[in-house]
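Undergrad: Following this message is one structure expressed as structure tokens.
The values are calculated or read from the model by the stated rules, or taken from the named source; none is laboratory data. As the structure is a prediction and not an experimental result, all values here were calculated from the model. All Cβ positions, even for glycine, are placed from backbone atoms using ideal geometry, and neighbour counts span all protein chains on display. The protein model used for the area step is the full one, side chains on, heavy atoms only, and it has no ligands, DNA or RNA in it. Shrake-Rupley method; radii C 1.70, N 1.55, O 1.52, S 1.80 Å.
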Amino acid sequence: MAILELEHLNFHYRTLRGAVRAVDDISFEVEKGHTLAIVGESGCGKTSTAAAILRLLPKNVARYDGIVRLDGKNVMELSDEEFRKTVRWQGISMVFQGAMNALNPTARVGKQVAEPLQIHFDAEKEEAMARASESLRSVGLPEYVERSYPHELSGGMKQRVVIAMALILRPGLVILDEPTSALDVMTQTNIINLLKRLKKEEELSYIFITHDLALASELADEVGIMYAGQIREIGPSEYVYPSPKHPYTKALLKSVPILRSSESPISIPGVPPDLIESPFACRFHPRCSVSFEECGWSAQEFADILERLRASGEDGGVRWGEAEVEDDLTLVLKPEDGMDPVTYRKALEEAFHEQEESTRAFKAVTKVEVRDGGVAVTLHEATTPYMIGEAHRAACLLLRKGGEKDG
Amino acid sequence: MGEPLVSLTGLTKWFEIGGGMFRRPLHVRAVDDVSLVIQRGETLALVGESGSGKTTLGRTILRLLEPTDGEIQFAGKIVTHLKDKDLKWLRRKAQMIPQDPYSSLNPTYPVNKALEEPLVIHGLGNRQERWERILTALDSVHLTPPEFFAHKYPHMLSGGQRQRVVVARAMILDPEFIVADEPVSMLDASVKVSILRILKEIQENLGVGFLHITHDLATAHHFAERIGIMYAGKLVEMGPHESLLTEPLHPYTQALIEAIPDPDPENRFRERPALPGEPPSLVNPPAGCRFHPRCPIAREGLCDVEEPLLRELRPGHFVACHLAE
Amino acid sequence: MAAPPALGIVATLKDAFRTVPGIVGGGMLVALLAMVVIVPIYAPFDVVSTWGDVSAWVDNPRLAGPEWSDIFVPGTLPRTITIQPEDFRKTKVVSETFGITTIVLRSTFDFSADYFPGELTFRLFTTFKDITPLVSVQLERPDGETVELLRTTPENQAPTANSYPFSQTITVPETLRNIRAWATSNFNATDVAFPKPEVTLFAEGGEDMLDPHRARLMRGEYGIRVIAVAFDSEDNIDGRFLVFGRVFGLAGTDHLRRDLLTGILWGAPVALAFGTVAALIVILTQTVFGAISGWYGGRTDEAVQRASDFFLIIPILPILILISIFYRPSIWAILFVVVAFSLVGGTSKVIRSIVLQVKQEQYVESATSYGASKIRILFKHIFPRVMPYTFALIALAVPAYIFLEASLAFLGLGDPVLPTWGSLLGTAYNNNAMFNGFWWWIALPSAGIIFATVAFALLGYSFDKVLNPRLREQ
């Protein structure tokens, strides 16, 4: 049974530059006792997804909707107060990134772990302290830690304290946001071992947020790959790791230097996209090694290509003339030297057809027609890929085409 | 092989802390008696956990810190205790690539000004020549077209692009030696490798010697010829990367390798062996072998008494362990 | 603590002037600067330099409120009516037989305000050969009555005026006597202890006309007639008659009849000049010392920090008071002392802490590694990073120095010549303006101080908003 289900969750926020689509139509589910690892590069919206699930929203939120179902109940319908009282920390808790450095340096650890119980759930002091000490014990910390101050503890111990805090109300689901990113390898291994043990013994579910595919495989029963605010591939680890479907997943797996392999890692060209001005259609297509015409040409990009070809003299004898972008899919070309539009249209159509092997963008042309003294070029509607498949799903147009190309 | 580029003999760097009017100062033994050589055109990766002294070692070699003891030779010259004004030639020949691309560029300087500064300091070229060198340097780190990037401010660049600018700045003086201190640890997986490739190109094409400081053994494995493992201020093992990874001699190296996962869905079904405890205090390190309190094979009466010396057990493969064979 | 945000000076200014406090503060500052430009036109320096000279302001009413105080009362408050020498019609009759010359000056004025005038004063300018002429000053009322205010033999030769402030019944007791006699005999008025000439003369005839509280105002055309009997044909007289109003100008007057607007307007450049110059010099020197302290560390750091502690505990106000008691320092001398006692201090501590953070940034170490000298790094890399903070600190320090100057001036220890907002307040306080209801004397200079300090405080806040990561908005 699924402990958490997300359906079409959106969470956008405003900035001075424009709306950031941090979580863009995300759907997934987490089975009870399972771990879903969400893997992605920095700024891909992993942490925002966690914030959206826990309804930890900033002031400048622009859009927040969708369905979040916890144990079958849609918690999006709850008021903020009900959500805080019944869901946050009791149903779902979170280990925040860098939380171990946010412990209050002036309070004893036991008190800090117990405090939320007293403040938010009106627990008696003795009871709260007892729960805290039990929780600290469950993460393998010795008794003296309760009476220690954070600075007296090592990094690994502080991280255990933070995990104890997340576990104190015995939630069914814990979101782990880069829980080991500031720790050394050896400490990281110890913490991961603890998480494995807790998962097995307490039947905990995790959402494990990380940028590290290798580390994700330590916990993940399912893996979700995020790119530019969207889940692009998700499925059981047994499928995703050995046979990734999405070109981004493939590239990401190849970019990881592997200790026990001499195969050289390969980097992904380009720069991770901006969540404000994401690319048209498939957001990965500008960096994709196998993307083809349908993966997303906007009229502007098309016009840029024409301009580039003209500048480099590779226009095959046709003068493109000046391109005017009409909308996302249409641009109007004006003949330069007083050429008759009808002749011009014919010349263009031939040129696009002849060169479509060398310039893939030309394959996206669906219509060339005469309009107000110029020629309007309409492009194939670039489709945003949607998730395809059953247990193992990926969002790539190439998969829909059926012919999976090698990347 | 000729004269080594960098040669350290018994290099030691202690920091003094907490000294007061009536208190004896304590010493943090950040780097303790490290000897190694780096050849021209090779990359030595120095791997260790935080606090192992690897960063201090890198900064001491560059003479950003003055060593407490030992000797540093750079291209045959002893630079151990040179004063600032006598260090200018070293500052031209040896460069640093720091860890954080977000803080290693002055935010108020555009790229061309950041790259020009080393040239201005060393009085190299006129305006036009400097401009050409800047463009060449940007080109060599694949920031093309260079004219486009030359006028950008750091905040307009992505982390990967910034780190390329930092590499270009280190390259612009045609150095012979570069200390790269975790050059990619802050970058995303997809751009990490491209930076490492550039460093590799520089090493191979220009014959620059690299000291690559990292905590990531996998990166070291793919981008260095030799790997040195540091633990608590000591160099515990050093050797060719293949041999060190396939046949680690020091129990710490073995544990380190064990602790690093590869992407494998089977990982989740078993716990990974990990060492108990924490690295020791550098103020008051354990007697004998500094690793012995955590060592699974430590022998009483030997490891806790006698400090192991670095021994060459395989060709070019050194280890500081009494029990390694 | 997070490293300071990476912003250049220009970017900081741009961002700061995009925030609401930045816009408001900037606008206020522009208004202040406009005031500074207007001042020399309204009151050139030679006007304000006579601030301490009582005789320069005698033609203004005393303790008059601003003209716009009309809005607080029903009707119109009287403005000052001045009849200048050239306004008088002069007739001169020389009688050969007796060697007597009779000179008559006459003029009329319309009194239409809804309240009695403030004071009456006549200034007589006489030129005579041997014997002083005999002069009679008479007021003609709209009801046809004529009252002789004074009969006198003026002593002073022109251009020195013979002043007859009729309202000051001690100086000119004869006037009050004449008025009393006239009112009681002609109108059967009831005598009171302290009648006021300016009331009775402008009151409707009747029983109550001597009682300042009950007399009723009579509007209409009044006349002033001066008759002089001189003993030489060359002798001459001229006069200036002043019916002082109860309001004056935009800011009223003080007890010495000085136009407070002049003082308040001149207060702006003085406050701005003192505030900004002091803030600029003090903050910049403290920045330099703070940066040096943080960057070089060690003994330099120790020295600067201990010096800062020392200067911080020195109470500057008492020292300035002490100096001001022994000397009468000009505003620039005060400035010098302020700067001398603030070479290092709070700002050097703030800047030091920022430099300690900037020092941790890797580009600073990188610069060392490619050969930049310490001094080069200080100037090329450290200063540009702290300058935006320095701007904010300057903006925030300006109000403090405006206050300091005002406090000193309030205590009477400010510049001896120039009026400043503080000194205006000081004199107002010493003359019990508060209890006598001379609200304009307190409110307007205070408004000046508040306006200037709020302008800079808002500017400082807007910088803070941009530079302080905690206040920085998305």
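Undergrad: Report, by residue number, each residue of segment A:50-80 that is free of Cβ contacts under 8 Å to residues at least 24 places away in the same chain and not in a loop (DSSP other than H, G, I, E, B).
TA: Selection gives A:Lys73, A:Asn74, A:Val75, A:Met76, A:Glu77.
Undergrad: Filter segment B:13-61 for residues that are among the hydroxyl-bearing types (Ser, Thr, Tyr) and surrounded by fewer than 18 Cβ atoms within 10 Å (Cβ to Cβ) and give the result.
TA: B:Ser35, B:Ser50, listed by residue number.
Undergrad: Quick check on this structure: which one of C:Phe383, C:Phe410 is among the aromatic types (Phe, Trp, Tyr), touching a Ser or Thr at 6+ places or on another chain (Cβ under 9 Å) and within 14 Å of another protein chain (Cβ to nearest Cβ)?
TA: Unique residue meeting the criteria: C:Phe383.
Undergrad: Right, next: Are there any pairs, at least 6 apart or on different chains, whose C-beta atoms fall under 7 Å, with the first in segment B:100-120 and farther than 23 Å from B:Val184 by Cα and the second outside any loop (DSSP other than H, G, I, E, B) and at pLDDT 90 or above, and if so, which?
TA: B:Glu116/B:Arg130; B:Glu116/B:Ile134; B:Leu119/B:Arg130; B:Leu119/B:Arg133
Undergrad: Moving on. Tell me which residues, restricted to segment A:82-96, are open to solvent by 20 Å² or more (accessible area, probe 1.4 Å), modelled with pLDDT of 90 or more and not hydrophobic (A, V, I, L, M, F, W, C).
TA: Hit for segment A:82-96 is A:Glu82, nothing else.
Undergrad: Say we look at segment B:62-86 and pick out the residues that are within 11 Å of another protein chain (Cβ to nearest Cβ) and modelled with pLDDT of 90 or more; which of these is surrounded by the most Cβ atoms within 10 Å (Cβ to Cβ)?
TA: Checked segment B:62-86; the qualifying residue surrounded by the most Cβ atoms within 10 Å (Cβ to Cβ) is B:Leu62.
Undergrad: Can you pull out every residue in segment C:169-199 that is surrounded by 16 or more Cβ atoms within 10 Å (Cβ to Cβ), without any contact (Cβ under 8 Å) to a residue 24 or more places away in the chain and under 28 Å from C:Thr126 (Cα atoms)?
TA: C:Val172, C:Leu176
Undergrad: Look through segment B:147-179, keep the residues that are part of a helix (DSSP H, G or I) and at the interface with another protein chain (Cβ under 9 Å from one of its Cβ atoms), and return whichever of them is most open to solvent (accessible area, probe 1.4 Å).
TA: Selected residue: B:His155.
Undergrad: Which numbered condition in (1) within 33 Å of the chain's Cα centre (by Cα); (2) within 22 Å of C:Gly294 (Cα to Cα); (3) open to solvent by less than 40 Å² (accessible area, probe 1.4 Å) is the only one that C:Val358 fails?
TA: Evaluating C:Val358 over (1) within 33 Å of the chain's Cα centre (by Cα); (2) within 22 Å of C:Gly294 (Cα to Cα); (3) open to solvent by less than 40 Å² (accessible area, probe 1.4 Å) leaves (1) as the failure.
Undergrad: Would you mind stating whether A:Ala281 is surrounded by 17 or more Cβ atoms within 10 Å (Cβ to Cβ) and outside the structural domain of A:Ser27 (by TED's automatic domain parsing)?
TA: The answer is yes for A:Ala281.
Undergrad: Oh, and also: Here is a list: B:Ile61, B:Ile72. Which entry is in contact with a Ser or Thr (Cβ under 7 Å, 6 or more places away or on another chain) and either within 14 Å of B:Leu8 (Cα to Cα) or not hydroxyl-bearing (Ser, Thr, Tyr) (or both)?
TA: Of the residues listed, the single one that is in contact with a Ser or Thr (Cβ under 7 Å, 6 or more places away or on another chain) and either within 14 Å of B:Leu8 (Cα to Cα) or not hydroxyl-bearing (Ser, Thr, Tyr) (or both) is B:Ile72.
Undergrad: Can you go through A:Asp65, A:Asp71 and tell me which one is away from chain B (no Cβ under 14 Å), more than 23 Å from A:Ile225 (Cβ to Cβ) and in contact with a helix residue (DSSP H, G or I) (Cβ under 8 Å, 6 or more places away or on another chain)?
TA: Going through A:Asp65, A:Asp71 in turn, just one is away from chain B (no Cβ under 14 Å), more than 23 Å from A:Ile225 (Cβ to Cβ) and in contact with a helix residue (DSSP H, G or I) (Cβ under 8 Å, 6 or more places away or on another chain): A:Asp65.
Yes/no per residue for (1) within 13 Å of the chain's Cα centre (by Cα); (2) among the small types (Gly, Ala, Ser):
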{"residue": "A:Leu36", "(1), (2)": "yes, no"}
{"residue": "A:Gly40", "(1), (2)": "yes, yes"}
{"residue": "A:Ala50", "(1), (2)": "yes, yes"}
{"residue": "A:Arg55", "(1), (2)": "no, no"}
{"residue": "A:Tyr64", "(1), (2)": "no, no"}
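Undergrad: Which numbered condition in (1) open to solvent by 70 Å² or more (accessible area, probe 1.4 Å); (2) in contact (Cβ under 8 Å) with a residue 60 or more places away in the chain; (3) away from chain C (no Cβ under 14 Å) is the only one that B:Arg92 fails?
TA: The number of the failed condition is (3).
Undergrad: Here's a follow-up. Show me the helices (runs of 4 or more DSSP H) found entirely inside segment C:390-474 where at least 1 residues are open to solvent by 10 Å² or more (accessible area, probe 1.4 Å) and closer than 28 Å to C:Gly22 by Cβ.
TA: It comes to C:439-467.
Undergrad: Output the residues belonging to segment A:116-132 that are under 17 Å from A:Val145 (Cβ atoms) and surrounded by fewer than 16 Cβ atoms within 10 Å (Cβ to Cβ).
TA: The answer is A:Ala130, and nothing else.
Undergrad: Quick one: which residue in A:Gly270, A:Gly229 is touching a residue at least 40 places away in the same chain (Cβ under 8 Å) and either surrounded by fewer than 21 Cβ atoms within 10 Å (Cβ to Cβ) or under 30 Å from A:His8 (Cα atoms) (or both)?
TA: Going through A:Gly270, A:Gly229 in turn, just one is touching a residue at least 40 places away in the same chain (Cβ under 8 Å) and either surrounded by fewer than 21 Cβ atoms within 10 Å (Cβ to Cβ) or under 30 Å from A:His8 (Cα atoms) (or both): A:Gly229.
Undergrad: For segment C:57-80, give me the residue count where each residue is within 18 Å of C:Thr121 (Cα to Cα) and buried (at least 17 other Cβ atoms within 10 Å of the Cβ).
TA: Looking only at that region, the number is 9.
Undergrad: Quick one: which of C:Pro388, C:Pro419, C:Pro399 is in contact (Cβ under 8 Å) with a residue 60 or more places away in the chain and closer than 21 Å to C:Arg328 by Cα?
TA: Matching residue, one of C:Pro388, C:Pro419, C:Pro399: C:Pro419.
Undergrad: Same structure, new question: For segment C:227-234, state whether one or more residues are assigned to a strand (DSSP E or B), crowded, with 19+ Cβ neighbours inside 10 Å and at pLDDT below 90.
TA: Yes, segment C:227-234 has at least one match.
Undergrad: In addition: Among the residues of segment A:133-143, which ones are surrounded by fewer than 19 Cβ atoms within 10 Å (Cβ to Cβ) and in contact with an Asp or Glu (Cβ under 9 Å, 6 or more places away or on another chain)?
TA: A:Ser133, A:Arg137
Undergrad: Kindly establish whether A:Val223 is in contact with a helix residue (DSSP H, G or I) (Cβ under 7 Å, 6 or more places away or on another chain), of a type in the set (A, V, I, L, M), open to solvent by 10 Å² or more (accessible area, probe 1.4 Å) and facing another protein chain (nearest Cβ under 9 Å).
TA: Taking the combined requirement at face value, the residue does not satisfy it.
Undergrad: State which residue is nearest to C:Thr91 (Cα to Cα) when the search covers only segment C:175-227 and only residues that are among the polar types (S, T, N, Q) and within 35 Å of the chain's Cα centre (by Cα).
TA: It comes out as C:Thr175.
Undergrad: For C:Leu378, which of the numbered conditions (1) assigned to a helix (DSSP H, G or I); (2) within 11 Å of chain B (Cβ to nearest Cβ); (3) open to solvent by less than 40 Å² (accessible area, probe 1.4 Å) fails to hold?
TA: In the conditions (1) assigned to a helix (DSSP H, G or I); (2) within 11 Å of chain B (Cβ to nearest Cβ); (3) open to solvent by less than 40 Å² (accessible area, probe 1.4 Å), C:Leu378 misses (2) alone.
Undergrad: Working only within segment A:177-220, note down all residues that are open to solvent by less than 10 Å² (accessible area, probe 1.4 Å), more than 9 Å from every other protein chain (Cβ to nearest Cβ) and among the small types (Gly, Ala, Ser).
TA: Scanning segment A:177-220 gives a single hit, A:Ser205.
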